[in-house]
Amino acid sequence: MSEDEQEFAKLEQTLPDSIKSSSSHIFNQEFLNSINHTPSLTPQSSIPPESPKLPKKTPLSNFKDELYKNGDVERTHSPIPTPGPLLHPDVHFPALNKQNAATGVIWCTDRANERGFPNPNWVNLGQGMPETGDIPGCFDRPKSMNISIESREYGPTSGIKPLRQAIANLYNEHYRQGKESKYTWENVNVAPGGRAALTRIAAVLGDAFLSFFLPDYTAYAEMLSLFKNFAPIPVPLYETDGYKIDLKIIKGELNRGVSAILTSNPRNPTGQSIGKDELKELHDLCRSKCLLIMDEFYSRYYYDGEEGEAISSASEVEDVNKDPVLIIDGLTKFFRLPGWRVSWIVGPKEYINALSSAGSYLDGGTNYPFQEAAIPFLDPTLVHNETIALQRHFKHKRDYCLDRLIKMGFHFNIKPNSTFYIWVDLSHLPGKLSNCLGFFHEALHEDVIVVPGIFFDLNPLSFRELSDSEMYSYIRISYGPELENLVKGMDRIESILRRFGALPENYDK
Ligand SMILES: Cc1ncc(COP(=O)(O)O)c(C=O)c1O
């Protein structure tokens, strides 16, 4: 039994409960016990018989055998991390919801912390934020700010009026030229960050089936499990279609009585966006029947249109006060100010009023001085110029990463056209590399963080066996970091593949 096998088994044991319990029937206890407690067993004799429950195409099931077969090409020596349990095993923590005590992303960071992250040698390709430094052509972010006397007081829970006005104006200028119905400040709810906006929305929904798609943004899992006022329905998207939201799927959802749909668009983690024509059809289908909750944090990280063009549902809304459409965005991604915690929801007044009450009992509203400081950023011309500069910069980084990955033998059915994420299929790789946890583990040894695909296979009610997930053979790579870090990250992925003999034959020619 090599150190490497033991170490990986330990890693698997520290997974959040919801994922561990569902993966354990594949990576079964017998197998873990054989690794942990029977060191005298030879590798061959410790492989348990295949469980009859195993789905055919589960990379994890192949992985067990491969782990041994590829022993000679794998890391022969690696320091064993000491991943502590998430909760103290001997202490009872009354009333703590263990299910939500550790999210997937936190788990990744915890494992990296155990190996010395953060330090300058690390490359965080798991990063859900864009680089926050200066980018050529982008406006200078303030380094200090005036704090007004008024901002000492509580602000309105829906946000301060001048900021709400500026946001409404931006949407009208960029997406609603020539349309009669326009947004006003009363159509805007300012919230303390994107996740707070999502929580506010979840709190105001009532008696509804809400469909969400797999894969999608990890935090939806917790948001959808906390509130019991609606029933979340997972809708799988298909690998063969590049995980596209097909309108046939939407029609099916409406037929079964779904009255709310939540999606990121452009989509995290696949880096794909619903096309402009399909977006129009989606709105036509849902108008007056179904609330569309459109999480548009990446709407300007969109590389398919003219330079400076973004994609937003705001251009498909007919009547701003009648179409049931809630659009979420904020300073986190486009303005590259995730630490400011300013976001907004744009939608019909009735929803906005309810969201204002939700803000009052959930979070108390958004930091007042930062709202004041954000107002000038919303100027439509400034935003347009910023979009051009941002798209040039990020498109270059996307193309760099894609070129390197393709050269290393990764396949992409469809080129990611938006966000700053690449959804990488590992299924052609040998041994543990074909499995997101195995790849994650090897990457940690190179001081690189990637996010295992299973964390995007949202399972808010833990009703499903995640072992059936095709996302075991995917990781998400972020090109949010600076180019120099991406270069390092790609070099290190290359060296992992080289060690496993997994680079294409003519790679070095
Ligand atoms: C799709 C999506 N929505 C919302 C957010 C959260 O934004 P915030 O950091 O403002 O809570 C993220 C962050 O990664 C995201 O990817």
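The values are calculated or read from the model by the stated rules, or taken from the named source; none is laboratory data. Quantities reported herein were computed from a predicted structural model and do not represent experimental measurements. So basically every Cβ, Gly included, is an ideal-geometry build from the backbone, and we count neighbours across all protein chains shown. Surface areas here come from the heavy atoms of the whole protein model, side chains and all, with no ligands, DNA or RNA. Shrake-Rupley method; radii C 1.70, N 1.55, O 1.52, S 1.80 Å.
Here are the numbers:
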| quantity | calculated |
| --- | --- |
| Subset of region 139-184 [within 30 Å of S478 (Cα to Cα) and surrounded by 17 or more Cβ atoms within 10 Å (Cβ to Cβ)] | I167, L170, Y171, H174, Y175 |
| Boolean, G271 is on the phi > 0 side of the Ramachandran plot and crowded, with 21+ Cβ neighbours inside 10 Å | yes |
| Strands (runs of 3 or more DSSP E) lying entirely in region 167-255 (those with 1 or more residues that are within 13 Å of the ligand (Cβ to nearest atom)) | 188-191, 209-214 |
| Per-region count, region 256-268, residues away from the ligand (no atom under 12 Å from the Cβ) and either of a type in the set (S, T, Y) or open to solvent by less than 10 Å² (accessible area, probe 1.4 Å) (or both) | 4 |
| Flag for E470 being over 30 Å from I233 (Cβ atoms) and out of contact with any Leu (no Cβ under 6 Å at 6 or more places or on another chain) | no |
| Region 274-298, subset of a type outside the set (D, E, K, R) and assigned to a loop (DSSP other than H, G, I, E, B), residue most open to solvent (accessible area, probe 1.4 Å) | S288 |
| Where a residue in region 305-317 is closer than 18 Å to R267 by Cβ and its partner, wherever it lies, is in a loop (DSSP other than H, G, I, E, B), with Cβ under 6 Å and at least six apart | A310/S299; A310/R300; I311/S273; I311/S299; S312/E296; S312/S299 |
| Residue pairs meeting the criteria (Cβ under 6 Å; at least 6 apart or on separate chains; first closer than 20 Å to S427 by Cα and small (G, A, S), in region 450-475; second in a loop (DSSP other than H, G, I, E, B) and modelled with pLDDT of 75 or more) | S469/D457; S473/L426; S473/S427 |
| Tabulated pairs, region 195-214, first among the small types (G, A, S) and open to solvent by less than 10 Å² (accessible area, probe 1.4 Å), second more than 13 Å from the ligand (Cβ to nearest atom) and part of a helix (DSSP H, G or I), C-beta under 6 angstrom, 6+ apart or interchain | S211/E253 |
| Of residues in region 299-328 being open to solvent by 10 Å² or more (accessible area, probe 1.4 Å) and within 14 Å of the ligand (Cβ to nearest atom), the one farthest from K276 (Cα to Cα) | R300 |
| Test for G128: is it within 16 Å of the ligand (Cβ to nearest atom), touching a helix residue (DSSP H, G or I) at 6+ places or on another chain (Cβ under 8 Å), farther than 25 Å from E307 by Cα and in a loop (DSSP other than H, G, I, E, B) | no |
| Test result for T103, within 29 Å of V325 (Cβ to Cβ) and at pLDDT below 95 | yes |
| Extreme residue, most open to solvent (accessible area, probe 1.4 Å), among residues of region 368-396 that are among the acidic types (D, E) and in a helix (DSSP H, G or I) | E372 |
| Filter result for the condition that a residue is touching a residue at least 12 places away in the same chain (Cβ under 8 Å) and touching a Cys at 6+ places or on another chain (Cβ under 8 Å), over G116, G126, G104, G133 | G126 |
| Meets criteria (part of a strand (DSSP E or B) and either crowded, with 20+ Cβ neighbours inside 10 Å or assigned by TED's automatic domain parsing to the domain that holds N265 (or both)) for I477 | yes |
| Tally of residues being under 30 Å from G275 (Cβ atoms) and in a loop (DSSP other than H, G, I, E, B) across region 412-441 | 11 |
